[in-house]
Each structure stands twice: as C-alpha cells, then as structure tokens.
Amino acid sequence: MGLLDGLLGGAAGGEKGGLGDIIAVAMKNPSALTALGSLLSSRDTSVGGGGGVGDLVAQFQKHGLGDLISGWIAKGPNPSISASQIGEVFSQDTLNQFATKAGVAVGEGQNLLARLLPAAIDQLTPDGHLPSSDTLDDTIASLMSKFGR
C-alpha cells in the first residue's frame with residue numbers, strides 16, 4: 001500500500017490524530033502539506049535546510065526526544081508530541097520557514113507539526129525502520145504530485 005493509499009484509507013476510516021488529520025489539514029490548507037513535505041525532504045531546502053528524515057531523527061535525539069520519533073517509526077501506536085516540544089526540536093528559522101510556506105502563524109505552525117508529524121513519519125516508515133533517503137524523497141515527491149503540489 002502506498003502512502004497516498006494509506007492517507008486516503010485513514011481518512012475514510014476517520015482515524016483521529018493520524019492519517020485522517022493529515023487529509024483534513026490538506027483539504028483545508030494544502031500549503032501545510034507542502035510545507036510538511038519540504039521539511040521531510042532531503043531534496044527541498046526551503047524548510048529546515050534539506051536534512052530530511054534522517055536529520056530529523058538526529059534532532060529529536062539531540063533534544064532528548066528520540067523515544068518519540070522512534071515510536072513513530074516503529075510499528076504500533078504513535079506517541080503524541082506537544083507544540084512546545086516541537087519548539088524545542090526545531091530552530092526558530094525552521095519554524096518560521098514552515099509557517100511561511102504553510103501560510104500560518106508560527107504558533108499555529110507548531111501546532112500543525114505536532115498534529116501531523118507523528119502520522120507522517122509513521123506512514124513514511126511502514127516497515128518499522130527508516131528507508132533510504134532516496135526512497136523517502138521519492139515517496140514524498142509522489143505524494144506531493146498527487147496533491148497537485
């Protein structure tokens with residue numbers, strides 16, 4: 001099952017706090033999904049500098065939140081993250097870049113990331129481990145193209 005299929009299936013199933021949230025946000029604010037894709041991509045440097053998911057894992061570990069992101073990667077329920085924890089992990093520049101690209105205020109951007117990041121990482125790692133950065137980037141690019149971004 002591809003990422004888009006999983007997203008649509010989760011939306012149809014009404015999964016709260018997960019895939020359904022990604023679709024709900026994308027339908028209300030497609031720019032938020034574009035900003036999330038940019039943050040997660042190692043090919044797009046417009047949000048976070050293009051470090052991709054691998055660098056994101058390192059950032060979480062550096063800030064003592066490695067267990068959270070490991071929980072999203074692993075199979076099973078996703079632990080939640082607060083907007084304030086998002087503020088600890090990401091630099092102010094990255095938060096500003098995300099908010100600008102998503103077309104929201106920085107505080108709302110932190111809330112969006114807290115809502116979307118666990119499900120996005122979970123869906124990008126369906127086998128419970130990080131695929132290669134090329135595979136991740138191809139999946140993200142495919143998703144963005146299906147949403148017309």
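Of the two radii for region 25-149, the radius of gyration is 0.92 times the Kirkwood radius, both from the alpha carbons; that is the Rg over Rh value. Backbone geometry of region 40-48 corresponds, through the Karplus equation with coefficients 6.51, -1.76 and 1.60 at θ = phi - 60°, to 3J(HN,Hα) couplings of 7, 7, 8, 8, 9, 9, 6, 10, x Hz, x marking Gly and Pro. Remark: region 31-39, residue by residue, has Karplus-estimated 3J(HN,Hα) of 5, 5, 5, 4, 5, 5, x, 5, 5 Hz, where x stands for each Gly or Pro and the curve is 6.51 cos²θ - 1.76 cosθ + 1.60 at θ = phi - 60°. In sequence order, region 130-141 has phi-based couplings of 6, x, 4, 5, 5, 4, 4, 5, 5, 5, 5, 4 Hz under the Karplus curve 6.51 cos²θ - 1.76 cosθ + 1.60, θ = phi - 60°, and Gly or Pro positions carry x.
In µm²/s, what is D for region 65-134 at 10 °C and 1.306 mPa s, where D = kT/(6 pi eta Rh) by Stokes-Einstein and Rh is the Kirkwood radius from Cα pairs?
126
We did not get these values from a lab; they are worked out from the coordinates using the rules stated. Note that the coordinates shown come from a computational prediction; the quantities given were computed from them, not determined experimentally.
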